[in-house]
Amino acid sequence: MIICPVCKEELVKEGKSYRCKNNHCFDMGKQGYTNLLLSNQKHSKMPGDDKDMVMSRREFLEKGYYQKISQGVNDIVKETCNSKDLDILDIGCGEGYYTKRLKDFLECENIKSHIIGIDISKEAVIAAARSDKRIDWIVASATNIPVSESSLDYVICMFAKIIPEEKMRTLKSGGYLIVVSTGEKHLIELKEVVYDKVRTEFYSPVKDLEMFEHIKTVNCTDSVFIDNNRSIKNLFDMTPYRWRSPKEGIEKLYALDSLKITVDVNIDIFRKP
Ligand SMILES: C[S@@+](CC[C@H](N)C(=O)[O-])C[C@H]1O[C@@H](n2cnc3c(N)ncnc32)[C@H](O)[C@@H]1O
């Protein structure tokens, strides 16, 4: 299922490396991940989320504040699957919180799964690989997925880039694409602290994924009380707001010791015809 990024032939695991029949060889890092991102696929020296963002996300998510989102995705996989042996790809998996929880959930449900997590950020993939050895963690880009055609039952894309063509190529006919994106009220209270004027428009992936059959949108809403300053900072630092917010707003937020937040995300379910 995993293919060579150079010649697209199947990659076979040989001890601590992957090799294709044309002898392209990719060694696994000591943490247990594989880097299949070619230098001509990089748009910068260290693409994707940096180490600080990865660590903030890990610390925040591990406190369970977004557990309901993870459960929402896991339930959808269980409800839609019609096999007891699933091939799943998590695109833009970050440090792997949702990927690992899906694996745990499927194991509890006695559903066998082979899960691949890919992310363009090496730091994110290293963090993921350090914490879970059951998943194939790969540094790769969503624009060039090192997975063979029509081989996946599920592609999951949570708060990450939508590149429709690659999802279409890698999914089996009848396979599901699950896209998680932020809704209108998501983190509204945090934005009210940071910005004078809060924008509430949100992105729906439905228009960009017209080549798939859209099954439905499931909204997942929760109200979460954060009772410590460190988690508030971690939440802010794991979002792109950290790059584009006014200094005074960030200082106001960083001074808080508690914050109630609204979690409002949409889980869109698509099927490949
Ligand atoms: C907002 S984070 C979401 C991470 C994870 N899905 C989660 O929800 O915790 C977006 C992730 O997409 C990754 N990313 C950005 N561009 C990418 C690309 N072209 N291919 C693969 N991953 C990408 C980033 O490095 C980052 O880890």
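We did not get these values from a lab; they are worked out from the coordinates using the rules stated. Because the structure is a prediction, the values reported are computed rather than measured. Ideal geometry is used to build each Cβ from the backbone, glycine not excepted, and the neighbour counts take in all protein chains shown.
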### Task
Just order 74-86, 224-236 by mean Cβ neighbour count inside 10 Å, highest at the front, would you?
224-236, 74-86
### Message
Net charge within 14 Å of Val54 by Cβ-Cβ distance, Lys/Arg positive one each and Asp/Glu negative one each, not counting Val54 itself?
### Response
-3
### Query
Tell me, what is the percent relative contact order of the stretch 164-273, built from C-alpha pairs under 8 Å that lie six or more residues apart?
50 percent
### Message
Running a GNM on the chain with Cα contacts under 10 Å, which residue among Lys68, Lys30, Lys100 ends up with the highest mean-square fluctuation?
### Response
Lys30
### Summary
Comparing Asp52, Asp208, Asp222 in a Gaussian network model of the chain (Cα, 10 Å), the one with the largest mean-square fluctuation is Asp208
### Query
With r defined as the distance between the Cβ atoms of Arg230 and Asn23 and R0 fixed at 45 Å, what FRET efficiency is calculated, to the nearest 0.05?
0.40
### Query
Going by a ≥ b ≥ c, the root eigenvalues of the Cα gyration tensor, does the stretch 102-186 fall in the rounded group (a/c under 1.5), the prolate group (a/b larger than b/c) or the oblate group?
rounded
#### Entry: Globularity ratio of the chain, using Cα Rg and 2.2 N^0.38 Å
1.02
## Note on the structure
Here the net charge surrounding Asp227, from other residues whose Cβ is less than 15 Å away from its Cβ (Lys, Arg +1; Asp, Glu -1), is +1
### Relative contact order (%) - the chain, alpha-carbon pairs under 8 angstrom, separation at least six
19 percent
#### Entry: For the stretch 3-131, the fraction of alpha-carbon pairs in successive 5 Å shells from zero, as %
2, 10, 16, 20, 19, 15, 12, 5, 1, 0
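What net charge do the residues around Leu152 carry, taking every other residue with its C-beta under 13 Å from that of Leu152, with Lys and Arg at +1 and Asp and Glu at -1?
-2
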### Task
Starting from the Cα of Met211, step 7 Å toward the Cβ, then list every residue of the stretch 101-145 with an amide N under 14 Å from that point.
143-145
### Task
Please report the relative contact order for the stretch 94-197, taking Cα pairs under 8 Å with a sequence separation of at least 6, and give it as a percent rounded to a whole number.
20 percent
## Note on the structure
On the formula 1/(1 + (r/R0)^6), with r taken between the Cβ atoms of Lys172 and Ser245 and R0 of 45 Å, the FRET efficiency rounded to 0.05 is 0.60
### Task
Could you tell me which Cys residues in the chain have no other cysteine's Cβ under 4.7 Å from their own Cβ, answering none if every one has a partner?
Cys7, Cys25, Cys81, Cys93, Cys108, Cys157, Cys220
### Summary
With -39,500 (n - 2.57) per DSSP H segment of 4 or more residues and division by the full residue count of the chain, the 222 nm estimate, nearest 500 deg cm²/dmol, is -8500 deg cm²/dmol
## Note on the structure
For Ser258 and Lys13, extending 7 Å from Cα along the Cα-Cβ vector and measuring point to point gives, in nm, a value of 4.7 nm
### Query
In the Gaussian network model of the chain, springs joining C-alpha atoms below 10 Å, which of Cys157, Cys20, Cys93 carries the largest mean-square fluctuation?
Cys20
### Task
Could you tell me what percent of the DSSP beta bridges with both partners in the stretch 12-271 are antiparallel, to the nearest 5?
55 percent
### Query
Among the DSSP beta bridges whose two residues both lie in the stretch 28-167, what percent are antiparallel, rounded to the nearest 5?
10 percent
